[in-house]
1. Only one of A:VAL409, A:VAL419 is open to solvent by less than 10 Å² (accessible area, probe 1.4 Å), within 13 Å of another protein chain (Cβ to nearest Cβ) and touching a strand residue (DSSP E or B) at 6+ places or on another chain (Cβ under 7 Å). Can you tell me which?
2. Could you list, in sequence order, the residues of the range A:321-358 that are at the interface with another protein chain (Cβ under 9 Å from one of its Cβ atoms) and closer than 18 Å to B:VAL202 by Cβ?
3. Is it the case that A:ALA41 is in contact with a Lys or Arg (Cβ under 7 Å, 6 or more places away or on another chain), within 11 Å of ligand 1 (Cβ to nearest atom), open to solvent by 10 Å² or more (accessible area, probe 1.4 Å) and of a type in the set (A, V, I, L, M, F, W, C)?
4. Working carefully through the options B:ALA31, B:ALA78, find the one that is over 30 Å from B:PRO161 (Cα atoms), more than 14 Å from chain A (Cβ to nearest Cβ), assigned to a helix (DSSP H, G or I) and small (Gly, Ala, Ser).
5. Can you tell me which of A:LEU345, A:LEU355, A:LEU331 is at pLDDT 90 or above, touching a strand residue (DSSP E or B) at 6+ places or on another chain (Cβ under 6 Å) and open to solvent by less than 40 Å² (accessible area, probe 1.4 Å)?
6. Tell me, please, whether a residue that is out of contact with any Asp or Glu (no Cβ under 7 Å at 6 or more places or on another chain), within 13 Å of another protein chain (Cβ to nearest Cβ), part of a helix (DSSP H, G or I) and more than 16 Å from ligand 2 (Cβ to nearest atom) can be found in the range A:429-441.
7. Which condition breaks for B:LYS223 when tested against (1) modelled with pLDDT of 95 or more; (2) touching a Leu at 6+ places or on another chain (Cβ under 9 Å); (3) not aromatic (Phe, Trp, Tyr)?
8. Using the structure shown, decide if A:ARG188 is within 19 Å of A:ALA41 (Cβ to Cβ) and open to solvent by 30 Å² or more (accessible area, probe 1.4 Å).
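The values are calculated or read from the model by the stated rules, or taken from the named source; none is laboratory data. Values in this document were obtained by computation on a predicted structure and should not be read as measured data. As a convention, Cβ positions derive from the backbone with ideal geometry for all residues, glycine included, and neighbour counts pool all protein chains shown. The area values use the complete protein model at the heavy-atom level, side chains included, leaving out ligands, DNA and RNA. Shrake-Rupley method; radii C 1.70, N 1.55, O 1.52, S 1.80 Å.
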Amino acid sequence: MACQLQTENIRKEYPGTVALDNVSVSFDGGKVHALIGKNGAGKSTLVKIFAGAVQPTSGRILVDGQPVVLRSPRDAFAQGIATVYQEMSLVPGLSVAENILLGRLPHKKVLGASVIDWPAVFARARAVLDGMQVSLDVRRQVGDLGMAQQQIVEIAKAMSFNPSVIMFDEPTSALAQHETQTLFGLIRTLAAKGVVIVYITHRLQELPLIADTVTVVRDGRYIGTAAMAQATPQTIVQMMFGEVVQKERPADLKAGTEPVLQVRGLGQKGKFHDVNFTLYRGEVLGIAGMLGSGRTELLRALFGAEAFDAGEIVIGGRSVRTVTPSLMKDLGVAFTPENRKEQALVQILSTRANLCLASLDRISTLGFTTRRRERSVVNRLVARLSVRMPDTEQPVSSLSGGNQQKVVVGKWLNTEPRVILFDEPTRGIDVQAKQQIFQIMWDLSRQGISSLFVSSELEELLEVCHRILIMKKGTLRGEVQPGTLSVDELFVRCMTDE
Amino acid sequence: MPPLESGSRVRALLRNSVMEIVLLALCIFLAFRADGFLSMQNFLNVLRTASFRGMIALGMTMVIIAGEIDLSVGSMVAFSGCLAAWLTGYLAGPACGMSLGSAVTLSIVASVLAALGIGCITGFLRVRFEVPTFITTLAWMSVLRGSASLITKGFPLTPFPEWYNFIGGGYLLGIPFPAIIFIASFAIIQVLMSYTSFGRAVYAVGGNAEAARLSGIKVYQVKVLVMAIVAGLAALSGIMQSAQIMSGSHKTAEGWELEVISAVIIGGTSLMGGVGRVWGTLIGVVFLGVLVNGMTLMSIDEYWQPVVRGALILGAVLINLAPSSRK
Ligand SMILES: Nc1ncnc2c1ncn2[C@@H]1O[C@H](COP(=O)(O)OP(=O)(O)OP(=O)(O)O)[C@@H](O)[C@H]1O
Ligand SMILES: [Mg+2]
């Protein structure tokens, strides 16, 4: 069923922005087409147009050479186009199976009435997951799953349509290495069947592993397409940014000797136990570990998002056992959660409001504040992070994924913290923005501010940190110095039990 | 990224002021068709009538923006009026023998404090035990109305001195006293919501309570405070109402909760939380006031009023949704 997906002069305008500017691209069946570009380039917008979720301002879409009009996601499904979105679109209160088959639950007749055929629902959902070679209980509530597992459900949902076109918008940004491998296997199988695959990613190192062609967009414009076999990393980066400066880890970066945060015997039932470590002044301390190792839970507990039930945290000469986010903020701790949509941003509020969220008290005098005053803070942060957006008064939801992530980090910079807890801060951001975040960590380090940095991308940890703790099954199992081992070695240490 | 031409700016402005334009159109229509609409006397009357509900609507705006609701405000109006009346009678009566002046003052203070306490309890139950405010205030709605009947034993209480009427029916510098309180409340709440960090926190909590909490905002404070504020405003309104009718009656303000919520919604505040404007509520309140006044002046059957109000709520919501749903 070799199929072809094309656009002709697609243009999409938003108030104040042109997200896509006369883009004409073509994707053939049987190949994996990587779609790349920096944050806000227009990748997600293009995908949403193919998915029928967003209407183009002008231009045409063609499927197999025939013009089609996709007024709604339903129209797109009818054309066999399925999408895995960047921001999750699952219903947390429903089971995995219901989410996968949402709107298409099989029914059966009982006494003349049509009722949901539950055994069939579970069986069919399980079949989809089996086809993907993942094991996940289809009866579990999606809200109870972690990010990676939710991502798998999202992919399973798209797969269940038996699509002839499937688009992935940064599917691996929440996945660990072995899960990524499974996904790649799946994608290759699909491609072999002639399915058109459009694949968006910021992880350029994935491209040689999975992509057949790379298509680059920049600032809403189509820059070009290259066969992966011919493209080198340099040419790709050149196409994405024009020019890019790779920042080197500064040589003068030293961690202090004065402890700022001490964690003693910290435990949370079923999540982690007996965690001990010390974070020094100006240190960038990484935590490496697989999904489910308890690293996110540990960070959340340190910030008081969840209570811990054993041990203590010593910070600023004070020992705390009962923590709340507002107390930790007052003690100089900042926290960027892994799930920006649910936990970090107020989607309907403006970028300005979100950037000021954590430092309202600081910005105001005696509780009074004005937009003008907030704007000067916001402008400074926007410049420091180079957030790309038309207007800080627009809802933060209108920013591209990567730019939203920058807002999440940005809102804490204004609180003048002592320690920042970063949970996957580089999720979904482009190479250049990643460098900016690293640069921020290093700058903070120079100012004596420490970072605790959790990331699934081990390369990042090796590049940025002074020291890396290894976490497994809820406990810390040793520490390593970057520079003394390779990514592969670190990976092995995180995986295996010695 | 070439910027778009202006002109969309003007359109945006028009789109954001739909209710203002509709209100203006209604006033122009009534000026021509309803005799006596354009007189100063009529204007002040509309303002006075609207003020009692209007003050509560201001507080309700904060509550709804914070993602909560208060269904007990009508009962609170009746309860606080009755409580003030009963207390006044008791304190000035033979048992205590206070002067009428101090008895009235003390009763007012006590009623407002009681209301603040009740609001705090609702907020506390919300944050501590996650009881939805819909449920708690539904319970209060019944409890407070019933308590008002118990206090008054079913008959209006009339212990108030002549001058007490001033706070509900009097004029200050030619303006009805309740209207002055209403305008003052408007100014305070407008400032609170637009120019304080508390106001920003209310929006954040209503928009995404978890993100607000993880930004170190004290979510419980916000929720407790907004519930207390709306209850306090309802009590003030109840006191002024009792002064206007010079008695505490358990039958006052029946169905007000829905009228108040209507005004807030007509003003563009979203029941989903996180979105809304105090100014919009002011427009909504005036709108409903003018509409009822116009219908009365044009001697339209009063049974039409609820029908028109209902249609209006739906219309306003559709208008407010129109720009965002055209994605
Ligand atoms: N609903 C919207 N309203 C206004 N502007 C929008 C909206 N959605 C997207 N945009 C703008 O369109 C541009 C392209 O956004 P898009 O989400 O397609 O970027 P992207 O390439 O997917 O970036 P990222 O890698 O960060 O996810 C951005 O400048 C963004 O701010
Ligand atoms: Mg995107």
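1. From the options A:VAL409, A:VAL419, the qualifying one is A:VAL409.
2. Once the filter is applied, which keeps residues that are at the interface with another protein chain (Cβ under 9 Å from one of its Cβ atoms) and closer than 18 Å to B:VAL202 by Cβ, the range A:321-358 yields A:PRO325, A:SER326, A:LEU345, A:VAL346, A:GLN347, A:ILE348, A:LEU349, A:ALA353, A:ASN354, A:CYS356, A:LEU357, A:ALA358.
3. Taking the combined requirement at face value, the residue does not satisfy it.
4. Going through B:ALA31, B:ALA78 in turn, just one is over 30 Å from B:PRO161 (Cα atoms), more than 14 Å from chain A (Cβ to nearest Cβ), assigned to a helix (DSSP H, G or I) and small (Gly, Ala, Ser): B:ALA31.
5. Testing whether each residue is at pLDDT 90 or above, touching a strand residue (DSSP E or B) at 6+ places or on another chain (Cβ under 6 Å) and open to solvent by less than 40 Å² (accessible area, probe 1.4 Å) leaves just A:LEU331.
6. no
7. Going through the list (1) modelled with pLDDT of 95 or more; (2) touching a Leu at 6+ places or on another chain (Cβ under 9 Å); (3) not aromatic (Phe, Trp, Tyr), B:LYS223 breaks only (2).
8. It is false that A:ARG188 is within 19 Å of A:ALA41 (Cβ to Cβ) and open to solvent by 30 Å² or more (accessible area, probe 1.4 Å).
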